[in-house]
Amino acid sequence: MDLLTIKSVSVEFQGVRALNEVSFVIEEGQICSIIGPNGAGKTTLFNCISGFYKPIEGSVFFEDEDIIGVKPHNIPQIGLARTFQNIELFQHMTVLDNIRLGAHIHLKSDILSSFLYYGRAEREELTLRKEIEDDIIDLLEIESIRNKPVGSLSYGFQKRVELARALAARPRLLMLDEPMAGMNVEETQDMVRYVLDICEERNITIMLIEHDMGVIMDISDNIVVLDFGNKIAEGPPDQIKKNEKVIQAYLGAGHD
């Protein structure tokens with residue numbers, strides 16, 4: 001089943017095309033990776049999907065709904081969530097409070113019951129707390145830091161907390177913008193394991209931007225390659241690593 005369809009999407013900044021008629025499809029249950037040199041248009045594409053940029057032409061369909069024009073704060077309600085290339089967390093707040101923010105879109109209580117904390121508001125809060133504490137925190141192995149301020153944590157743990165906050169939004173499509181960037185080998189291995197578990201155990205489709213080609217080739221079902229805003233290749237890892245255009249533009253002749 002096609003979950004996300006990118007159809008002839010073009011984006012311009014002051015007359016310069018950042019994306020040029022890019023098209024591809026992500027099937028439900030896939031890990032689809034977007035690769036290419038710096039400036040290829042990868043994050044621009046993410047920003048189009050998540051509502052931060054509006055293309056000058058083209059469409060983005062989430063299932064049967066064209067989501068171009070949907071405001072960024074409404075995108076999670078549709079079923080999409082994302083992390084960012086630079087960590088976007090509230091540094092003075094605890095890990096638990098940061099994660100809870102990701103789930104606020106699902107709270108339906110009215111102002112009075114939320115203020116008084118009774119009835120539906122209390123039930124929603126308890127359900128949310130159980131989901132976060134028994135599921136997400138356990139999955140990402142962050143129990144020991146749950147009550148610590150995010151600003152006191154290492155970079156690797158902060159990346160994990162940002163992933164947890166995105167999961168709290170209960171996405172069907174999770175967009176990860178360089179989740180392994182800046183990590184050491186052990187942290188990268190942990191993050192790879194979490195991404196695979198999220199896809200396989202929680203049935204969440206993954207769209208991934210990443211520069212670690214070892215990771216990309218190991219975990220991707222499909223790879224889309226961008227160069228100067230153009231899609232130059234698409235296919236499974238075995239095809240991409242042998243594609244001459246991709247080797248010349250990005251991988252290099254020494255890539256194995």
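Odds and ends about this structure:
- Scanning region 149-176 for residues that are in contact with a strand residue (DSSP E or B) (Cβ under 9 Å, 6 or more places away or on another chain), buried (at least 19 other Cβ atoms within 10 Å of the Cβ) and not hydrophobic (A, V, I, L, M, F, W, C) gives ARG165, PRO171.
- Restricting attention to region 45-54 and to residues that are over 12 Å from GLU178 (Cβ atoms) and in contact (Cβ under 8 Å) with a residue 60 or more places away in the chain, the residue that is surrounded by the most Cβ atoms within 10 Å (Cβ to Cβ) turns out to be LEU45.
- Out of ILE6, ILE34, sole residue that is touching a Cys at 6+ places or on another chain (Cβ under 9 Å) and assigned to a strand (DSSP E or B): ILE6
- Restricting attention to region 177-186, the residues being closer than 12 Å to LYS159 by Cα and exposed (fewer than 13 other Cβ atoms within 10 Å of the Cβ) number 1.
- Per-region count, region 187-216, residues of a type in the set (Asp, Glu), in contact with a helix residue (DSSP H, G or I) (Cβ under 6 Å, 6 or more places away or on another chain) and either touching a residue at least 40 places away in the same chain (Cβ under 8 Å) or loosely packed, with under 14 Cβ neighbours inside 10 Å (or both): 1
- Search result, residues across region 199-214 that are of a type in the set (A, V, I, L, M), at pLDDT 95 or above and farther than 18 Å from ILE87 by Cα: ILE204, ILE206
- Any hit, region 194-216, residues being part of a strand (DSSP E or B), under 18 Å from ILE49 (Cβ atoms) and out of contact with any Pro (no Cβ under 9 Å at 6 or more places or on another chain): yes
- Any chance ASN184 is in contact with a strand residue (DSSP E or B) (Cβ under 7 Å, 6 or more places away or on another chain), among the polar types (S, T, N, Q) and touching a residue at least 24 places away in the same chain (Cβ under 8 Å): no
- Reported count of residues in region 88-102, each being in contact (Cβ under 8 Å) with a residue 40 or more places away in the chain and either within 16 Å of the chain's Cα centre (by Cα) or part of a helix (DSSP H, G or I) (or both), is 9.
- The set of residues from region 8-37 being aliphatic (A, V, I, L, M) and without any contact (Cβ under 8 Å) to a residue 40 or more places away in the chain comprises VAL16, VAL25.
- Single residue of region 43-87 satisfying the filter (in a loop (DSSP other than H, G, I, E, B), of a type in the set (Ser, Thr, Tyr) and under 19 Å from THR205 (Cα atoms)) that is nearest to the chain's Cα centre (by Cα): THR83
- Residue in region 225-238 that is surrounded by 18 or more Cβ atoms within 10 Å (Cβ to Cβ), under 16 Å from the mean Cα position of the chain (by Cα) and touching a residue at least 40 places away in the same chain (Cβ under 8 Å) present: no
The values are calculated or read from the model by the stated rules, or taken from the named source; none is laboratory data. Here the structure is a predicted model, which means the values were calculated and not measured. Cβ sites come from the backbone with ideal geometry, for glycine too, and all protein chains shown count toward neighbours.
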